[in-house]
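Quick notes on the structure that follows.
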Amino acid sequence: MSCPARFLSISVIALSLNCVSLSIHAAPSLHTELDKVVVTSTKESRAINELAESVGVLTHDDILNVSPSHPSEILNRTAGVYINNLGGEGHMTAIRQPITTSGVYLFLEDGVPTRPTGFFNHNGLYEVNIPQSKRLEVTKGPGSALYGSDAIGGVINSISASVPKQSEVKLDTEFGAYGWQRILVSAGAPTTSYSGLSISANHTQNDSFRDEAEYVRTSVNSRFNYQLANGLTSKTTLSLTDVEQSGVSGLEYDNFKSNVEKNEFEGDVGSRDILALRIASEFNYQPDIHSLISVTPFYRKNQSNMMPSWMVSYDPNDRETEFESFGVLAKFRLNLSDNRQIITGIDVDHTPSTYAEYDVTVSKIDDTYTDFERTGDLNYKFQADQTTISPYVHYEQKLTSSVRFNTGLRYDHFSVDYQNKLNTAIDTSHLRPESQVIQYEHFSPKAGIVVELNTLHNMYSNYRHAFRAPSVSTLFRSGSNAETTQLKPVKTDSIEMGFRGLMPIGISYDLAIYYMEKSDDIVTAITSDTGRTSLNAGETIHKGIELGLQGAISTDFSFHSSLSYSEQTYGEFSYVYFCFSCDPKNQQIDFNGNTVGKAPATLGNVGLRYEPISLHGFMAELELEHVGEYYVDETNTSQYSGHDLLNLRSRYSINPSFEIYGRIQNITDKRYSTYTSNQVGKDDIQYRPGQPLTLFAGIRANF
């Protein structure tokens with residue numbers, strides 16, 4: 001792997017690193033990297049030094065210090081993670097993958113997937129109340145055998161706030177530039193000596209620095225804990241989120257440089273309204289000290305009304321999607337001896353869904369889409385009932401006092417009963433598959449080893465296999481392609497080696513090196529000046545190195561930093577596409593050996609934190625964000641040069657009940673793009689303008 005030197009500096013701290021990723025998530029403490037507790041990997045609390053995988057942990061203090069107005073502001077502090085800002089809380093994710101809308105990530109809330117397989121939404125984190133989460137965990141690379149489809153690039157798990165031990169009320173009011181307003185309210189108390197309840201609410205609205213790009217969200221979360229009997233406890237969580245997001249367009253270069261406020265979508269063009277409800281009850285029964293039975297029934301209901309912004313220019317439509325899920329996660333853990341443990345379980349999810357897509361006409365003045373109207377014609381209308389049954393087993397054994405081994409296997413069975421509700425299409429741009437049942441079966445193995453080098457250092461290595469089943473919309477919204485129901489699942493094989501520990505100078509570190517191959521990747525290709533299609537295109541190779549560091553510079557100063565280096569290339573990767581300027585128009589294109597488009601080679605987050613002993617309760621942090629250059633498409637003909645941003649945050653606790661805080665995003669007012677891309681065969685590059693200099697201020701009160 002080639003590895004050019006990269007350099008980032010921040011006024012009073014400069015780090016020069018070759019091929020490394022540095023990541024800090026919290027101020028220094030007596031705890032080392034090995035003391036962190038993680039629940040995602042085995043679905044119950046485990047010390048991170050027992051895990052053979054790379055996991056980033058963002059604590060409640062991290063979330064309070066950052067006070068994120070967007071998921072990217074907190075999650076990008078994890079090594080190798082880049083989440084961009086598409087407006088509102090819209091985003092795409094890049095974790096050991098390019099910046100993508102593909103379903104290669106699994107988003108969880110208290111260990112329960114926020115959406116079923118086949119219904120991935122690249123904006124899915126806006127259905128999670130991140131500012132009021134207790135903790136965030138990011139498992140990088142393929143998920144363990146305990147998780148199924150979509151966990152290819154990584155797993156992001158939001159842990160809900162605990163029920164307080166005594167009555168409390170928290171109020172957080174925040175204001176900022178461009179009409180930013182947010183109020184966070186939470187309350188909780190024991191209800192009896194055996195139970196407790198907490199409720200959180202988040203109302204956010206923002207006018208945005210872009211024209212007609214308003215955004216409103218309202219979230220309510222609740223948690224009820226109950227000790228039913230000796231050894232039997234329950235936790236019931238409810239999450240309800242309503243999102244109203246205006247359409248936000250990309251810009252061509254001239255407007256990006258000189259008219260960044262411009263939005264080529266007005267009115268409801270490109271907008272989306274989302275209503276997401278999730279309820280889960282986790283029952284844990286511990287009959288003895290050696291075993292645990294966990295059963296979590298859950299229910300989801302999701303309604304989405306959206307006009308796809310990316311299709312406005314060639315196939316404008318307005319679509320309504322609705323699904324509800326009935327499922328259960330069941331797990332049995334048995335300690336066979338002091339050195340051996342087995343976890344076995346089964347996940348069942350039944351999701352009926354409906355989809356209706358309406359043809360629309362759009363109004364346009366110059367280069368701005370001003371409105372749209374349904375024509376009365378339906379492009380698609382179908383029902384798809386999906387059932388997944390997924391048993392799994394995880395076994396681990398302590399081979400010696402310092403060596404721990406684990407292995408696991410998951411079997412996923414998918415069955416999708418699709419019913420077309422319209423006649424066979426005459427319009428070749430909207431082919432409708434015949435009613436049918438599609439099934440997938442897949443085994444996902446894993447193995448790992450952890451070696452305790454001494455009390456302060458350990459190393460691990462793993463092999464993990466994962467897959468992604470084609471989404472319902474890809475299978476059955478076939479466009480001009482008659483073969484979408486023949487799509488194969490995307491598959492990955494990954495190997496990883498890592499080291500964790502505490503250096504003699506008091507700096508905690510977390511290093512990971514990985515290599516992953518992805519086959520049968522699903523891509524969208526241009527088939528005509530108005531048509532697109534989805535197909536399995538070939539193989540991509542992803543490799544990189546990540547390192548986490550955290551530590552104190554002095555009694556008043558500490559630092560955090562994050563840099564990652566990766567190489568992502570195409571293996572055997574080719575398909576036929578439509579070339580606007582070619583003759584003949586249909587061209588076979590081969591990307592073998594090219595760099596994967598939209599895959600930044602370097603990512604970074606470097607910060608200096610000041611907490612003076614002489615001014616108790618005060619904190620200030622200067623942070624540098626770095627996104628490296630990347631090619632804007634598969635042809636490797638054009639590049640985005642990347643960007644570096646400076647942010648400043650501060651908070652001051654006047655007393656235990658009252659705190660003020662503020663932050664400035666992009667303090668140099670740098671012009672940058674959060675996502676830069678073009679379509680194969682077109683020369684025009686689209687830029688998504690990032691947030692200019694923006695001020696926020698807030699007050700927190702605890703009662």
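The values are calculated or read from the model by the stated rules, or taken from the named source; none is laboratory data. Small disclaimer: the values here were computed from a predicted structure and weren't measured. Neighbour counts are summed over all protein chains in view; Cβ atoms, including those assigned to glycine, are modelled from backbone coordinates with ideal geometry.
Conditions (1) under 30 Å from Ser337 (Cβ atoms); (2) buried (at least 17 other Cβ atoms within 10 Å of the Cβ), marked per residue:
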residue: Thr241; (1), (2): no, yes
residue: Gln245; (1), (2): no, yes
residue: Gly250; (1), (2): no, yes
residue: Gly267; (1), (2): no, no
residue: Arg278; (1), (2): no, yes
residue: Thr296; (1), (2): yes, yes
residue: Arg300; (1), (2): no, yes
residue: Tyr314; (1), (2): no, no
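For segment 247-289, enumerate the residues that are at pLDDT 95 or above, over 30 Å from Val362 (Cβ atoms) and not polar (S, T, N, Q).
The answer is Leu277, Arg278, Ile279, Ala280, Glu282, Phe283, Tyr285.
Filter segment 383-398 for residues that are surrounded by fewer than 21 Cβ atoms within 10 Å (Cβ to Cβ) and aromatic (Phe, Trp, Tyr) and give the result.
Tyr395, the sole residue that qualifies.
Got at least one residue in segment 562-584 being modelled with pLDDT of 95 or more, part of a strand (DSSP E or B) and in contact with a helix residue (DSSP H, G or I) (Cβ under 7 Å, 6 or more places away or on another chain)?
No, because not a single residue in segment 562-584 is modelled with pLDDT of 95 or more, part of a strand (DSSP E or B) and in contact with a helix residue (DSSP H, G or I) (Cβ under 7 Å, 6 or more places away or on another chain).
Specify which of the listed residues (Asp315, Asp371, Asp347) is of a type outside the set (Gly, Ala, Ser) and not in a strand (DSSP E or B). Before the answer, list the steps.
Values: Asp371 fails: not in a strand (DSSP E or B); Asp347 fails: not in a strand (DSSP E or B).
Only one candidate qualifies: Asp315.
Looking at Asn202, Asn121, which one is over 30 Å from Asn462 (Cα atoms) and under 22 Å from the mean Cα position of the chain (by Cα)? If you could, list the steps in order and put the result at the bottom.
Numbers: Asn121 fails: over 30 Å from Asn462 (Cα atoms).
None of the others qualify; the one that does is Asn202.
Say whether the condition of being of a type in the set (S, T, N, Q) and either touching a strand residue (DSSP E or B) at 6+ places or on another chain (Cβ under 7 Å) or over 24 Å from Thr569 (Cα atoms) (or both) is met by at least one residue in segment 624-637.
Initially, segment 624-637 is screened for residues of a type in the set (S, T, N, Q), giving 635-637.
Still in the running and either touching a strand residue (DSSP E or B) at 6+ places or on another chain (Cβ under 7 Å) or over 24 Å from Thr569 (Cα atoms) (or both): 636.
Checked segment 624-637: at least one residue is of a type in the set (S, T, N, Q) and either touching a strand residue (DSSP E or B) at 6+ places or on another chain (Cβ under 7 Å) or over 24 Å from Thr569 (Cα atoms) (or both).
Based on what the data block shows, is Gly408 on the phi > 0 side of the Ramachandran plot and either part of a loop (DSSP other than H, G, I, E, B) or in contact with a Lys or Arg (Cβ under 6 Å, 6 or more places away or on another chain) (or both)?
Working: on the phi > 0 side of the Ramachandran plot: no; either part of a loop (DSSP other than H, G, I, E, B) or in contact with a Lys or Arg (Cβ under 6 Å, 6 or more places away or on another chain) (or both): yes.
For Gly408, the condition - on the phi > 0 side of the Ramachandran plot and either part of a loop (DSSP other than H, G, I, E, B) or in contact with a Lys or Arg (Cβ under 6 Å, 6 or more places away or on another chain) (or both) - is not met.
Considering segment 99-126 alone, what residues qualify as being part of a loop (DSSP other than H, G, I, E, B) and of a type in the set (D, E, K, R)? Quick ask: steps written out before the conclusion?
If we filter segment 99-126 for residues that are part of a loop (DSSP other than H, G, I, E, B), which is where we start, we get 99, 101-104, 110-111, 114-123.
Correct list: Asp110, Arg115.
Could you run through segment 585-594 and say how many residues are surrounded by 15 or more Cβ atoms within 10 Å (Cβ to Cβ), more than 15 Å from Thr637 (Cβ to Cβ) and modelled with pLDDT of 70 or more?
0
Give the residue that is nearest to Gly247 (Cα to Cα), with candidates limited to residues of segment 170-227 that are among the aromatic types (Phe, Trp, Tyr) and touching a Ser or Thr at 6+ places or on another chain (Cβ under 8 Å). Step through it out loud before you land on a result.
Of the residues in segment 170-227, the ones among the aromatic types (Phe, Trp, Tyr) are 175, 178, 180, 194, 209, 215, 224, 226.
Cutting the leftovers down to touching a Ser or Thr at 6+ places or on another chain (Cβ under 8 Å) gives us 178, 180, 209, 215, 224, 226.
Values: Tyr178: 17, Trp180: 18, Phe209: 13, Tyr215: 9, Phe224: 37, Tyr226: 43 Å.
Result: Tyr215.
Select from segment 40-69 the residues that are under 22 Å from Thr344 (Cα atoms) and among the charged types (D, E, K, R) and list them in ascending order.
Within segment 40-69, Lys43, Glu44, Arg46, Glu50, Glu53 qualify.
Looking at segment 525-557, which of its residues are modelled with pLDDT under 95, buried (at least 23 other Cβ atoms within 10 Å of the Cβ) and among the small types (Gly, Ala, Ser)?
Gly548
Does any residue in segment 595-617 that is closer than 30 Å to Asn636 by Cβ come within less than 9 Å, Cβ to Cβ, of a residue that is part of a loop (DSSP other than H, G, I, E, B) and acidic (Asp, Glu) six or more places away or on a different chain, and which pairs are these?
Thr595/Glu634; Val596/Glu634; Gly597/Asp633; Gly597/Glu634; Lys598/Asp633; Pro600/Glu629; Ala601/Glu629; Thr602/Glu629
Given Asn458, Asn462, which one is among the polar types (S, T, N, Q), surrounded by 16 or more Cβ atoms within 10 Å (Cβ to Cβ), farther than 25 Å from Ser149 by Cβ and within 29 Å of the chain's Cα centre (by Cα)?
Asn458
Of the residues Gly176, Gly188, Gly196, which single one is over 30 Å from Tyr226 (Cα atoms), out of contact with any Gly (no Cβ under 6 Å at 6 or more places or on another chain) and of a type outside the set (Phe, Trp, Tyr)? I'd like the intermediate steps shown before the answer.
Numbers: Gly188 fails: over 30 Å from Tyr226 (Cα atoms); Gly196 fails: over 30 Å from Tyr226 (Cα atoms).
Unique residue meeting the criteria: Gly176.
Would you call Leu329 part of a strand (DSSP E or B), at pLDDT 95 or above and buried (at least 20 other Cβ atoms within 10 Å of the Cβ)?
yes
Scan Leu615, Leu608 and give me the residue that is under 26 Å from Asn65 (Cβ atoms), more than 25 Å from the chain's Cα centre (by Cα) and surrounded by fewer than 17 Cβ atoms within 10 Å (Cβ to Cβ).
Working: Leu608 fails: surrounded by fewer than 17 Cβ atoms within 10 Å (Cβ to Cβ).
Selected residue: Leu615, the only one of Leu615, Leu608 that is under 26 Å from Asn65 (Cβ atoms), more than 25 Å from the chain's Cα centre (by Cα) and surrounded by fewer than 17 Cβ atoms within 10 Å (Cβ to Cβ).
Can you name the residue in segment 163-205 that is hydrophobic (A, V, I, L, M, F, W, C) and outside any strand (DSSP E or B) and is also surrounded by the fewest Cβ atoms within 10 Å (Cβ to Cβ) among such residues? Working first, answer last.
Quick first cut of segment 163-205, residues hydrophobic (A, V, I, L, M, F, W, C) only: 163, 169, 171, 175, 177, 180, 183-185, 187, 189, 197, 199, 201.
The next check asks that each one be outside any strand (DSSP E or B); those that pass are 163, 177.
Values: Val163: 19, Ala177: 16.
My answer is Ala177.
Among the candidates Ile522, Ile495, single out the residue that is at pLDDT below 85 and either of a type in the set (S, T, N, Q) or assigned to a strand (DSSP E or B) (or both).
Residue meeting the stated conditions: Ile522.
For segment 355-371, what are the residues that are over 13 Å from Glu264 (Cα atoms) and buried (at least 16 other Cβ atoms within 10 Å of the Cβ)?
Filtering segment 355-371 down to residues over 13 Å from Glu264 (Cα atoms) leaves 355-361.
Those that are over 13 Å from Glu264 (Cα atoms) and buried (at least 16 other Cβ atoms within 10 Å of the Cβ): Tyr355, Ala356, Glu357, Tyr358, Asp359, Val360.
Can you name the condition, by its number, that Lys257 falls short on among (1) surrounded by fewer than 17 Cβ atoms within 10 Å (Cβ to Cβ); (2) closer than 15 Å to Glu373 by Cα; (3) not hydrophobic (A, V, I, L, M, F, W, C)?
(2)
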